[in-house]
Amino acid sequence: MKLQQLRYIWEVAHHDLNVSATAQALYTSQPGISKQIRLLEDELGVEIFARSGKHLTRITPAGEAILKIAGDILRKTESIKQVAQEFSDEKRGSLSVATTHTQARYALPGVIESFMRRYPDVSLHMHQGTPMQIAEMAADGTTDFAIATEAMEHFGDLIMMPCYRWNRSILVPKGHPLAATPRPTLEQVAAYPLVTYVFGFTGRSKLDEAFQGQGLTPKVAFTAADSDVIKTYVRLGVGIGIVASMAIDPTTDSDLVAIDASHLFASSVTSIGFRKGTFLRSYMFDFIATFAPHLTRDLVEVAAQSPGRQDVSDLFDGIELPVH
């Protein structure tokens, strides 16, 4: 069994069983990958992938178990490389972060700018996706960190740490009836079509919970993953917008009226997460602390060594989170 063979099966599984695409991504030949997979299967005495002719069709039950262990081994080898790099040049390397549009557009620019000034030789990679995709990327080692509000709790392999609280604002065009109502009720809000986030994005669950708690069924006319898209459709008159308050720019959104909705919806918490067992380099600790100053290196190291999710959660009891 070779490490290269484990990488091949891992990459094929993560390229939708497309050996050709995997070969392109790894800058190698398709026949070479296929041969190595066959050799590994022959050595193990089981099929990792089921086939129809020359095409891979699915991952076998044995393959699922093997891939899980292979992923752990590959992540461990990556940690070994990270350890070596930390001791050879602690300010050179790479950092990959998966997050949503709202975080990337409104919460992270200042953090990224400060980090890049301090670590000009660290290559920074930003990946955007749904909260579920973001959590998956961190859980399977595709990215170092995941920053999101929803979905990360579904992945037991992630160490999640709270960064800040945030709430929502209602956006309406100037002249809209709600523009003169500084503290609208949920009934008043539900009387208009809503333009807001796709379910699973940016604390959408808190929105739904609030209406359900009052026995209301609002008409959601339009949903999007992007705050800027939501604002565009508010301007078009499709409905009233409900967005994260941090996504409102007083200058570019001066044509809209923002109404604080913190009295209507429970606040949400944005967290940063990384996979258990990840070797964190010094600049990774600094990135976390720049994004959430209360997450000191000592606290993050304790969280990383905590045996369970509840133990991690207990670490942050009593910590007053900043509000964005």
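The values are calculated or read from the model by the stated rules, or taken from the named source; none is laboratory data. What you see is a predicted model, and the numbers here were worked out from it, not measured in a lab. Cβ placement follows ideal geometry from the backbone for every residue including glycine, while neighbour counts extend to all protein chains displayed. With ligands, DNA and RNA removed, areas are computed over all heavy atoms of the protein, side chains included. Shrake-Rupley method; radii C 1.70, N 1.55, O 1.52, S 1.80 Å.
Some observations on this one:
- Tally, over segment 1-39, of residues that are within 18 Å of residue 68 (Cα to Cα) and touching a Lys or Arg at 6+ places or on another chain (Cβ under 8 Å): 1
- Residues of segment 290-324 that are within 30 Å of residue 245 (Cβ to Cβ), small (Gly, Ala, Ser) and surrounded by fewer than 16 Cβ atoms within 10 Å (Cβ to Cβ): 313, 318.
- Restricting segment 160-205 to residues that are among the charged types (D, E, K, R) and within 28 Å of residue 287 (Cα to Cα) leaves a set whose member that is farthest from the chain's Cα centre (by Cα) is 168.
- Of all residues making up segment 82-118, the number that are within 23 Å of the chain's Cα centre (by Cα) and on the phi < 0 side of the Ramachandran plot: 24
- Test result for residue 34, over 30 Å from residue 285 (Cα atoms), touching a residue at least 12 places away in the same chain (Cβ under 8 Å) and either open to solvent by less than 70 Å² (accessible area, probe 1.4 Å) or in contact with a strand residue (DSSP E or B) (Cβ under 8 Å, 6 or more places away or on another chain) (or both): yes
- Single residue of 76, 91, 2, 54 found to be open to solvent by 30 Å² or more (accessible area, probe 1.4 Å) and free of Cβ contacts under 8 Å to residues at least 24 places away in the same chain: 54
- Test: residue in segment 41-48 that is touching an Asp or Glu at 6+ places or on another chain (Cβ under 6 Å) and open to solvent by 60 Å² or more (accessible area, probe 1.4 Å): yes
- Residues that are open to solvent by 30 Å² or more (accessible area, probe 1.4 Å) and of a type outside the set (A, V, I, L, M), drawn from segment 219-239: 219, 222, 223, 226, 228, 232, 233, 235, 237
- In segment 240-255, residue modelled with the lowest pLDDT [restricted to those that are among the acidic types (Asp, Glu) and surrounded by fewer than 17 Cβ atoms within 10 Å (Cβ to Cβ)]: 249
- Restricting attention to segment 200-252, the residues that are without any contact (Cβ under 8 Å) to a residue 40 or more places away in the chain, part of a helix (DSSP H, G or I) and either charged (D, E, K, R) or in contact with a His (Cβ under 6 Å, 6 or more places away or on another chain) (or both) total 1.
- Within segment 103-129, considering residues that are basic (Lys, Arg) and in contact (Cβ under 8 Å) with a residue 40 or more places away in the chain, the one most open to solvent (accessible area, probe 1.4 Å): 118
- Residue count for segment 157-197 under the criterion of being open to solvent by 50 Å² or more (accessible area, probe 1.4 Å) and either at pLDDT 95 or above or over 14 Å from residue 268 (Cα atoms) (or both): the result is 12.
- Complete set of residues in segment 160-187 that are in contact with a helix residue (DSSP H, G or I) (Cβ under 8 Å, 6 or more places away or on another chain) and farther than 24 Å from residue 228 by Cα: 160, 161
- Scanning segment 211-237 for residues that are under 24 Å from the mean Cα position of the chain (by Cα) and of a type outside the set (D, E, K, R) yields 222, 223, 224, 225, 227, 229, 230.
- Listed conditions (1) of a type in the set (Gly, Ala, Ser); (2) open to solvent by 50 Å² or more (accessible area, probe 1.4 Å); (3) within 19 Å of the chain's Cα centre (by Cα) are all met by residue 258, apart from (3).
- Here residue 26 passes the criteria (1) surrounded by fewer than 14 Cβ atoms within 10 Å (Cβ to Cβ); (2) modelled with pLDDT under 90 except the one numbered (1).
- Pairing each residue of segment 9-30 that is closer than 13 Å to residue 56 by Cα and touching a residue at least 40 places away in the same chain (Cβ under 8 Å) with any residue that is hydroxyl-bearing (Ser, Thr, Tyr) and surrounded by 14 or more Cβ atoms within 10 Å (Cβ to Cβ), provided the two are 6+ apart or on different chains, yields C-beta distances under 6 Å for 12/22.
- If you go through segment 253-278 and pick out every residue that is in contact with a Lys or Arg (Cβ under 9 Å, 6 or more places away or on another chain) and either on the phi < 0 side of the Ramachandran plot or without any contact (Cβ under 8 Å) to a residue 40 or more places away in the chain (or both), you end up with 18.
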